[in-house]
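Here's the structure, in structure tokens; my notes come after.
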Amino acid sequence: MYFTNHYSSIDKDPKVTAFIEAFKAKNGEEPNAFHALGYDLGHFVADAIGRASELTGSAVQQAMASTKGFVGVTGTFDIDEHHNPVKSIVVIGLKDGVQASSEKIG
């Protein structure tokens, strides 16, 4: 069986493996896709604050809206003209109920 998600715990990307190890060290459990999305959100906002022309809500909003090529643990994304992320997905294959394969697309 195959399904799509934002993240896979068997992804061998060094950014993903570093995230997993840091999360496990701090929380004593393996992160799930929601943890990875929250992590990326924090870094996305910090990135936009760093790129903003000034530290105002509208400047940060403009920086967020102009994001291109943001790389996170859930993949790479751009923000489109409607303020939606256009991002990669992960196709996960299950064998006997366990993740057996993971491929990032996009």
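The values are calculated or read from the model by the stated rules, or taken from the named source; none is laboratory data. All figures in this text were calculated on a predicted structure; none of them were measured in a lab. So basically every Cβ, Gly included, is an ideal-geometry build from the backbone, and we count neighbours across all protein chains shown. For the accessible areas, the whole protein counts, side chains as well, though only heavy atoms, and no ligand, DNA or RNA atoms are used. Shrake-Rupley method; radii C 1.70, N 1.55, O 1.52, S 1.80 Å.
The table for this structure:
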{"read-out": "Test for Ala18: is it in contact with a Phe, Trp or Tyr (Cβ under 9 Å, 6 or more places away or on another chain) and either within 16 Å of Val91 (Cβ to Cβ) or among the aliphatic types (A, V, I, L, M) (or both)", "value": "no"}
{"read-out": "Residue check, Val60 among the aliphatic types (A, V, I, L, M) and closer than 24 Å to Thr4 by Cβ", "value": "no"}
{"read-out": "Number of positions in the range 29-41 that are more than 13 Å from Val73 (Cβ to Cβ) and open to solvent by less than 70 Å² (accessible area, probe 1.4 Å)", "value": "0"}
{"read-out": "Subset tally (residues that are open to solvent by less than 70 Å² (accessible area, probe 1.4 Å), of a type outside the set (Gly, Ala, Ser) and without any contact (Cβ under 8 Å) to a residue 60 or more places away in the chain) for the range 52-73", "value": "5"}
{"read-out": "Positions within the range 1-24 being open to solvent by less than 30 Å² (accessible area, probe 1.4 Å), over 11 Å from Ser101 (Cα atoms) and under 12 Å from the mean Cα position of the chain (by Cα), in sequence order", "value": "Tyr7, Val16, Phe19"}
{"read-out": "Residue that is in contact (Cβ under 8 Å) with a residue 24 or more places away in the chain and either over 19 Å from Ile20 (Cβ atoms) or open to solvent by 60 Å² or more (accessible area, probe 1.4 Å) (or both), where the choices are Ile89, Ile49, Ile79", "value": "Ile89"}
